[in-house]
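Asker: My questions will all concern the structure given below.
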Amino acid sequence: MSWFKRTDKGIQTPTEMKREAPDGLWYQCPNCKKAMHTREHKLNAFTCINCNYHEKIGSEAYFQILFDEGEYTELDENLRSGDPLKFTDTKSYVDRVRATEKKSGLKDAARTAYGKMDELDIVITCMDFSFIGGSMGSVVGEKIARGIDYALKHKMPFLMISKSGGARMMEAGFSLMQMAKTSARLAQLSEAGLPYISLLTDPTTGGVTASYAMLGDFNISEPEALIGFAGPRVIKETIGKELPKGFQTAEFVLDHGFLDFIVDRKDLKDKLASLLKMLQ
Ligand SMILES: [Zn+2]
């Protein structure tokens, strides 16, 4: 009975036919390698249901997590970067920005929005790492400054969510000026008695750590986030010593008095809301 016999060895299926589930249905945790439904992962605030690894997420995901019913109004959404230095590396800065806009669907590395969080009015500026490494250029600084202006005018608290490689090299000095500009605005917020909470997420480094990310009335972080100013190699060469284990993790800097507390993303909205209610 020839039809009961396998004539070809093995079952030959082209790779593209082998998928059992359509793309995007499963999420594999990069830390513990376990798979879970993307829906389940999203419901869990993009943290792993097995090992609690906090996936890096962008402004839209944070806005959806924090604003009631995910409803918010974005401020200055069309603010875009100029090219004051006519900068070129492997490609021109203008081309790099244009290509990144197309790829990320974003206009720059930060977005500001206001809305209700647990029925409290709040202004949030959140950085996007997918836009040139979350680098702080003139637009990022301006969006933060204008977000603070809005908070001042409407007497609202301000939340900054940082995720950045530091200053944007293509804007050089203009980028560094954003540190002073945002710090000055935050001082005004403080004088007006309005709360400023800074949430540091993985990674927060460079000029961002050296300015607004560390100026909060509360400086808080997500678990295991990398937090630092210079990279470990530079520090090691400067001080000529071995660095301690776990150096530059949120847990380490919390132990050394750099942070007020670490918050699990699943509890973020509740914790922030109760903190702000306490400060009212
Ligand atoms: Zn995991």
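Taken together, the values in this text are just the output of simple stated rules run on the coordinates, not laboratory data. Fair warning: this is a prediction, and the values are worked out from it, not measured in the lab. Counting neighbours? That spans all protein chains shown, and the Cβs are built from the backbone with ideal geometry, glycine included.
Asker: How much FRET efficiency would the formula 1/(1 + (r/R0)^6) give for Asp68 and Arg233, where r is the Cβ-Cβ distance and R0 is 35 Å, rounded to 0.05?
Answerer: The calculated FRET efficiency here is 0.20.
Asker: Average the reciprocal distances over every distinct pair of alpha-carbons in the range 151-268, invert the result, and give the Kirkwood radius in Å.
Answerer: Over the range 151-268, the inverse of the mean reciprocal pair distance is 15.2 Å.
Asker: Also, quick follow-up: If I model a spin label as a point 7 Å beyond the Cα along the Cα-Cβ vector, how far apart are those points for Ser274 and Asn50 in nm?
Answerer: For the pair Ser274/Asn50, the computed spacing is 3.1 nm.
Asker: Based on the Cβ-Cβ distance from Phe87 to Ala180, what FRET efficiency comes out when R0 is 25 Å, to the nearest 0.05?
Answerer: In this case the efficiency is close to 0.75.
Asker: Just to check, using Stokes-Einstein with a Kirkwood Rh over alpha carbon pairs, what's the diffusion coefficient of the range 205-280 at 10 °C and 1.306 mPa s in µm²/s?
Answerer: The diffusion coefficient I find is 115 µm²/s.
Asker: Oh, and also: Take the alpha carbon atoms of the range 79-152, find their center, do the same for the range 225-273, and report the distance between the two centers in whole angstrom.
Answerer: Spelled out, the Cα-based centre of one part sits 24 Å from the other.
Asker: Once you have all Cα-Cα distances for the range 76-208, histogram them in 5 Å bins from zero and send the whole-percent values.
Answerer: Result, from short to long distances: 2, 11, 21, 24, 19, 12, 6, 3, 1, 0 percent.
Asker: Under a straight-distance cross-link criterion of Cα-Cα below 20 Å, which lysines are reachable from Lys245, leaving out those fewer than 8 residues away in the same chain?
Answerer: Leaving aside lysines fewer than 8 places away in the same chain, those within reach of Lys245 are Lys236.
Asker: Please tell me which of these pairs span more than 26 angstrom C-alpha to C-alpha: Lys33/Lys143; Lys33/Lys271; Lys56/Lys102; Lys42/Lys107; Lys103/Lys155?
Answerer: Long pairs (Cα-Cα over 26 Å): Lys33/Lys143; Lys33/Lys271; Lys103/Lys155.
Asker: Using only the Cα atoms of the chain, construct the convex hull and provide its projected area averaged over every direction, in square nanometres to one decimal.
Answerer: 20.9
Asker: Let me ask you something else. Let me have the relative contact order for the chain, percent, based on Cα pairs under 8 Å that are six or more residues apart.
Answerer: Contact order relative to length: 13 percent.
Asker: Which value, in Å to one decimal place, does the Kirkwood hydrodynamic radius take for the range 17-143 when every pair of different Cα atoms is included?
Answerer: The Cα-based Kirkwood calculation yields 16.8 Å.
Asker: Using 0.36 nm per residue of separation minus the Cα-Cα distance, give me the extension gain between His256 and Glu77 in nm, one decimal.
Answerer: 60.7 nm
Asker: Among 39-47, 237-245, 199-207, how do they line up from the highest to the lowest mean number of other beta-carbon atoms within 10 Å?
Answerer: Result, highest mean Cβ count within 10 Å first: 199-207, 39-47, 237-245.
Asker: On full extension of the chain, what length is gained from His154 through Lys266, given 0.36 nm per residue of separation minus the C-alpha to C-alpha distance?
Answerer: 37.5 nm
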